[in-house]
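No lab work stands behind these numbers, since they all come straight from the coordinates. The shown structure was predicted, so the numbers you read here are calculated from the model rather than taken from an experiment. Please note: Cβ atoms are built from the backbone with ideal geometry, for glycine as well, and neighbour counts cover all protein chains shown.
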Amino acid sequence: MTNSWTDIGVSDCILIMGSNAAENHPVAMKWVLRAQEKGGKIISVDPRFTRTSAKADIYAPMRSGGDIAFLGGMIKYILDKDIFFKDYVIHYTNAPFIVSDKFDFKDGLFTGYNPEKRAYDKATWVFDRDDKGIPVKDMTLQHPRCVFQLMKKFYARYDLDTVSSLTGTSKADLIKVYETFAATGKPDKVGTMLYAMGWTQHTTGTQIVRVASMIQMLLGNVGMAGGGVNALRGESNVQGITDQALLFHILPGYMPAVNAAFDNLEKYNATTPKAVDPMSVNWWANRPKYIASLLKSFYGENGTKENDFGYSWLPKIDVGQNASWLFMFDKMFNGDFSGFVCMGMNPACSGPNSEKTRKAMAKLDWLVDIDLFENETSSFWKGPGMDPKKIKTEVFLLPAAMSIEKEGSITDSGRVGQWRNKAGEPLGDSKADGQIVHELYTKVKELYAKEGGAFPDPILKLKWDYAKDGKVDFHAVAKEINGYFTEDIAEHPIDKKAYKKGTQVPNFVFLLADGRTSCGNWLYSGSYPEAGNMMARRNRTPVASCNIFPQWGWAWPLNRRIIYNRASVDLNGNPWDPKRAVIKWDGTRWVGDVPDNAVPPMGLPNGRYPFIMRPDGVGSFFGVGMADGPFPEHYEPLECPIEKNPLSSQRINPAIPLFKGELDKYTTCDPKFPFVATTYRLTEHWQTGLMTRYQPWLVEAEPQMYVELSLELAKLRGIKNGERITIASPRGKMWAKAMVTNRIKPFNIAGQTVHLVGLSWHYGWLVPKDGGDSANILTPSIGDANTMIPEYKVFLVNILKEERPKVEKKPEPKPAPKAEAKPAPKPEAKPEPKPAPKAETKK
Amino acid sequence: MKITRRSFLKISGATAAGTVMGGLGFDFSPVESYAQELRIKGAKETTTVCCYCSVGCGIIVHTDAKGKVINTEGDPDHPTSEGALCAKGMSLYQLINNKDRLTKVLYRAPNSTKWEEKSWDWALTEMAKRIKKSRDASFTEKNDKGQVVNRTNGIAGIGSCHVNNEEGWLYQKFLRALGLVYIEMEARL
């Protein structure tokens, strides 16, 4: 989130789209309702009428996958009516920048597309620059190749008729939403957007978030209290663990992963973002300090200036290598891994295309699973369709301690780190995950110290001094993450003060690139300074104007609660909206929230642009870093109910990689799978259900898998409310109870009726008895072009009267295994539906 | 209306019980309220943050003299949640004191049809051997282009955003020390 949960309460308009906040973040919904009590408007855009829709002032149904068209239409509306926030757009964004005349967009493709690679060469996605390298601008926004005019031309195609036909949203509803939200484009009005997986789990997910951000910049809502673009994250510490970089493409604090082209630290540092415009802060210019300090936290005294602080010990991906989830499981399915460590996850149910995921694990020699409960991953070998006697995989299932049986910090969606205290001892033999990691590392190290082995240095020379008497001290780790001085410093370049070796750095401003500081994650530097553990603070004194609580816990970066807050003031530092002031320049310094850098506002002497993390210092309408185009364009989902993309001849996102293995089956516009399916969560269960399916209270409330379908579709298929039905996709089949409801209505898309069915996905074959299996049995292995997040929100299915096991016993000639194993000749070829998986015969 | 902390808890307790029981209604009689107070009387209060979604609601955990968790409830002092919890957060008690939680290390041998209970010492020793064997067999110092990569191609690691920042940081450090590049977690899903 750019903002915090509580500051939603001061908003004038809350667009909840791609999120069902009332269901999935119920306690935070109170802040949405507080805003409504004060006259704020709630808009809910969703394929289903949800619990959030029930609280909304405006509900607009939209076909799943229509988001870019819907929001692109809002950009056109705002530009046509000329109601954008002009001062903000001209000064705080790249709208005035002139784009190269070699850049173009035709029929769904931007310049530089390579169909063989399904990727773009982005050489033409650049700005014209003057002889100093500063982008050429037209502050009148009139130049035909300025970003503003290109954007206007681009979204001119997203007219009401086209958008309505494509999304299934009525023109009246579109206008109502556009008018209401665009009213926040005035300086003293503010709107916020709340989204979740409903935006990210599409093959165009990143671009959906971008088009939303573009609207928020057009309306001047970024950096404002009650504004921003807010990802309502799904797990208690998904923000924190993303920050700690348990992901292939980053190192802690969002530094890029090390790749093979950068064989020494100097080459890595040569990729540090540079700013040519002296008015740009370009905070990332500090990256060399952060990587040197990170390496010191990895290798301690073994990392020296002479050996690049141990840089060569870090594993390196190949240039262009994608090691994300879908590729990982594709490799596992192909037998490329012998070992797999799984901590607190349940991929057998959470990954797409469950059959592929589950069969992939049977190719492993060993699996280590750390969890609170037995789960479908640890026990895949005895799951439906599996013959344990034929599965070689050894499994170590390790009992983990609960959150209340250990201490440490977690970071909420609003970037606020809060400390959890230990209330009791771990149950039985269970141990804290961090303790397990410590003991496992210690054993592996002993083994390498004794026997040697492949390249033992990174293991033997790792700094690992966090345990006392064999028990990890999590405060010691938190202090490592904050960072400390590794040498006495007589006069620090920042404040000219002396610092002692071993004392905590005050915050990341004090980090150095020469090895005299160590820091495990620069973003968290300041969370545990000499003064103590900031994340444990419990002072609830608010800043009333923006309803934030700066002394409750600690937010990264630097305890800033609303990021990009220098965009909430005019060029002289006065708040656009004084009654909701976030920060204000008082003539000599900023007052209010922690400012997004202490330098003066851009209109004053020595002033700087507001967006300090961007090399150009401004927000980007034209996004040169994207894999699939600098402007968000609508493409159809991989599996869609209509033959043609109404906007271009590119049906699907041209920059998404396609998998072509034997279990990667896709279809489109297929009479065998005529209905659109989408998946979602329920209040009473959580993710794959592992932490809710074992609780009698919650299972009583939501006992089994169900599928929501409209009255019209139920009538069409002769399905009664409450009966068990079969849902089939090209990947598999499963049962669910039919919930016939008028919360879902058929859509009229490009002149044809399209039916939607909705599936919760929290279940698994293991528990509760007869609760059903994961909806991911049905979902395809396909991801977003930029993030590779799977497209869980749209895929094609059929629904049938339940096929009971006896029906399946009908002898069917089995297809020759060879034939089935043959890869699809074309990525979009329509494969035959595979035979019913044995999973369906379970009792 | 002035609400004291204690009266607030009574109200929120009643509301929450109604939610968890599926809206069956709740006879909030003074007798039951008195009983509830007695149960946590003298118990130690520890604050925590809910383990489910990312709202970060505050929860108070009550433990008895033996350290057993006897109650959990919303923390009224928390600025975001103000004492409220959803059905999942209200059920935290049942997650802590759950008869199905794993309390032993379990091992499944190749081609076996069952779990066996094992000691930590045995499991750690055996896992370390497997890790070393896979790592040594798949370690790659240089890629096809001859560039130094120093990575372990044969092991993948995933998880977890259920764990604390400190644990996650240790875990990524461990996996990277082993040379893994296939490192992923829930944020990708």
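Net charge near B:Gly154, counting Lys/Arg +1 and Asp/Glu -1 over other residues with Cβ under 13 Å of its Cβ?
Values: positive: A:Lys331, A:Lys363, B:Arg130, B:Lys132, B:Lys133, B:Arg135, B:Arg151; negative: A:Asp336, A:Asp365, B:Asp136.
Taking every Cβ under 13 Å from that of B:Gly154, the sum is +4.
Where a Cα-Cα gap under 15 Å defines reach, which aspartates and glutamates qualify for A:Lys500, not counting those fewer than 8 residues away within the same chain?
Answer for A:Lys500, where 15 Å is the Cα cut-off: A:Glu487, A:Asp488, A:Glu491, A:Glu530, listed by chain and number.
Please give the charge dipole size of chain A, origin at the Cα centre, charges +1 on K and R Cβ atoms and -1 on D and E Cβ atoms. Round to the nearest 20 debye. Intermediate values should be presented prior to the final figure.
Numbers: 107 positive and 95 negative charges, 281 e Å.
In total the dipole reaches around 1340 debye.
Among the helices of chain A (complete DSSP H runs), which have Cα atoms covering no less than 24 Å along the helix axis and a Kyte-Doolittle mean of at least 1.0?
Both cut-offs are met by no helix.
Rounded to two decimal places and with Rh computed the Kirkwood way over Cα pairs, what is Rg over Rh for the range A:27-126? Provide the component values of the computation, followed by the final result.
Working: Rg = 19.5 Å, Rh = 17.7 Å.
Rounded to two decimals, Rg over Rh is 1.10.
Quick check on my link table: of B:Lys66/B:Lys104; A:Lys733/A:Lys801; A:Lys390/A:Lys660; A:Lys431/B:Lys118; A:Lys382/B:Lys129, which ones sit more than 19 Å apart, alpha carbon to alpha carbon?
Details: B:Lys66/B:Lys104 22 Å; A:Lys733/A:Lys801 12 Å; A:Lys390/A:Lys660 26 Å; A:Lys431/B:Lys118 14 Å; A:Lys382/B:Lys129 25 Å.
Going by Cα-Cα distance, B:Lys66/B:Lys104; A:Lys390/A:Lys660; A:Lys382/B:Lys129 fall outside the 19 Å limit.
Given A:Met255, A:Asn114, A:Pro96, which one lies farthest toward the positive end of the charge dipole of the protein assembly as shown, if we put +1 on the Cβ of every Lys and Arg and -1 on the Cβ of every Asp and Glu?
It is A:Asn114.
Please report, to two decimal places, log10 I(q)/I(0) for chain A at q = 0.06, 0.07, 0.08, 0.11 Å⁻¹ as given by the Debye formula with identical point scatterers on the Cα atoms and no solvent.
At q = 0.06, 0.07, 0.08, 0.11 Å⁻¹ the computed log10 ratios are -0.40, -0.55, -0.74, -1.49.
If we count every other residue with Cβ under 10 angstrom of A:Asp101's Cβ, Lys/Arg +1 and Asp/Glu -1, where does the sum land?
Result for the local shell: 0.
Pop out the ³J(HN,Hα) list for the range A:243-248 in order, Karplus 6.51 cos²θ - 1.76 cosθ + 1.60 with θ = phi - 60°, rounded to Hz; leave Gly and Pro as x.
Residue by residue, the range A:243-248 yields 4, 7, 6, 7, 8, 5 Hz.
Could you give the dipole magnitude of the range B:118-188 about its Cα centre, charging the beta-carbon of Lys and Arg +1 and that of Asp and Glu -1, in debye to the nearest 20?
Values: 12 positive and 9 negative charges, 62 e Å.
Charge dipole, the range B:118-188, about its Cα centre: 300 debye, nearest 20.
Rounded to the nearest 500 deg cm²/dmol, what is the calculated helix-only ellipticity per residue at 222 nm for chain A, with -39500 (n - 2.57) per DSSP H run of length n ≥ 4? Could the numbers behind the result be given before it?
Working: 23 runs with 185 residues, N = 843.
Theoretical 222 nm ellipticity from helices: -6000 deg cm²/dmol.
Just going by the charge dipole of chain A, with Lys and Arg at +1 and Asp and Glu at -1 on Cβ, which of A:Thr679, A:Met788, A:Tyr268 is farthest out on the positive end?
Result: A:Thr679.
Any idea what the alpha-carbon Rg over 2.2 N^0.38 Å comes to for the range A:689-739? Mind dumping the intermediate values first?
Working: Rg = 13.3 Å, N = 51, 2.2 N^0.38 = 9.8 Å.
After normalising by residue count via 2.2 N^0.38 Å, the value is 1.36.
Shielding of A:547-557 by partners, i.e. mean partner chain Cβ atoms within 10 Å per residue? All intermediate terms of the calculation are to be shown ahead of the outcome.
Numbers: counts 1, 1, 3, 0, 1, 5, 4, 0, 0, 0, 0.
Per residue, the number of nearby Cβ atoms from other chains is 1 on average.
Using alpha carbon centroids, what distance separates the range A:199-229 and the range A:474-536, in Å?
The range A:199-229 and the range A:474-536 have Cα centres separated by 34 Å.
How large are Rg and Dmax for the range A:316-423 when calculated on the C-alpha trace, in angstrom?
Using the Cα atoms of the range A:316-423, the pair Rg, Dmax is 16.5, 48 Å.
Rounded if a/c is under 1.5, else prolate if a/b beats b/c, else oblate: with a ≥ b ≥ c from the C-alpha gyration tensor eigenvalues square-rooted, which is the range A:94-214? Working shown, then result.
Working: a/c = 1.89, a/b = 1.31, b/c = 1.44.
Cα axes put the range A:94-214 in the oblate bin.
Quick one: net charge of A:Gly112's neighbours, Cβ under 10 Å, K/R +1, D/E -1? List each step's numbers first, then the result.
Values: positive: A:Lys102, A:Lys122; negative: A:Asp104, A:Asp121.
Once positives and negatives cancel, what remains is 0.
When you count, for each residue, the other Cβ atoms within 10 Å and take the mean per peptide, how do A:749-755, A:348-354 rank with the highest first?
Values: A:749-755: 15.1, A:348-354: 27.7.
Listed from highest to lowest mean packing, they are A:348-354, A:749-755.
Can you pull the mean other chain C-beta count within 10 Å for peptide A:344-354?
Values: counts 11, 9, 2, 5, 0, 0, 3, 4, 1, 0, 0.
Across the residues of A:344-354, the mean count of other-chain Cβ atoms within 10 Å is 3.
Give A:Lys289/A:Lys479; A:Lys392/B:Lys99; A:Lys406/A:Lys468 a once-over and call out the pairs whose C-alpha atoms are over 21 Å from each other.
Values: A:Lys289/A:Lys479 18 Å; A:Lys392/B:Lys99 30 Å; A:Lys406/A:Lys468 15 Å.
Flagged as over cut-off: A:Lys392/B:Lys99.
What does the extension gain come out to for A:Lys389 and A:Asp131, with contour length at 0.36 nm per residue minus their alpha carbon separation? Don't jump to the answer; show the numbers that get you there.
On the way: separation 258, 0.36 × 258 = 92.88 nm, distance 7.07 nm.
Taking 0.36 nm per residue and subtracting the Cα distance, the gain is 85.8 nm.
Highest mean first, what order results for A:619-628, A:442-451 on Cβ atoms within 10 Å? Could you put the intermediate results ahead of the total?
On the way: A:619-628: 20.1, A:442-451: 15.9.
Result, highest mean first: A:619-628, A:442-451.
Express the C-alpha Rg of the range B:118-188 as a ratio against the empirical globular expectation 2.2 N^0.38 Å, rounded to two decimals.
Working: Rg = 14.1 Å, N = 71, 2.2 N^0.38 = 11.1 Å.
Cα Rg divided by the expected 2.2 N^0.38 Å: 1.27.
So, in nm, how far is label A:Thr140 from label A:Glu425 when the simple model puts each one 7 Å beyond its Cα toward the Cβ?
Label-label distance for A:Thr140 and A:Glu425, simple model: 7.9 nm.
Treating cross-link reach as a plain straight distance, find the aspartates and glutamates whose alpha-carbon is under 13 Å from the alpha-carbon of B:Lys133, omitting any fewer than eight places away in the same chain.
By straight Cα distance, B:Lys133 reaches A:Asp365, A:Glu451.
Quick check: from the Cα gyration tensor, does the range B:77-135 come out rounded (a/c under 1.5), prolate or oblate?
Details: a/c = 3.71, a/b = 2.34, b/c = 1.58.
Cα axes put the range B:77-135 in the prolate bin.
Where the centre of each part is set by its Cα atoms, how far does the range A:76-122 sit from the range A:320-365, in angstrom?
Answer, in whole Å: 37.
Shielding of A:435-445 by partners, i.e. mean partner chain Cβ atoms within 10 Å per residue? Intermediate values should be presented prior to the final figure.
Details: counts 2, 8, 10, 3, 6, 8, 9, 2, 10, 10, 2.
Mean partner-chain Cβ count within 10 Å for A:435-445: 6.
Would you work out which of A:Ala738, A:Ala182, A:Trp284 lies farthest towards the positive end of the dipole of the protein assembly as shown? Charges go on Cβ: Lys and Arg +1, Asp and Glu -1.
In the protein assembly as shown, that residue is A:Ala738.
Can you grab the distance from the C-alpha centre of the range A:618-676 to the C-alpha centre of the range B:77-147, Å, no decimals?
Each part's Cα centre sits 36 Å from the other's.
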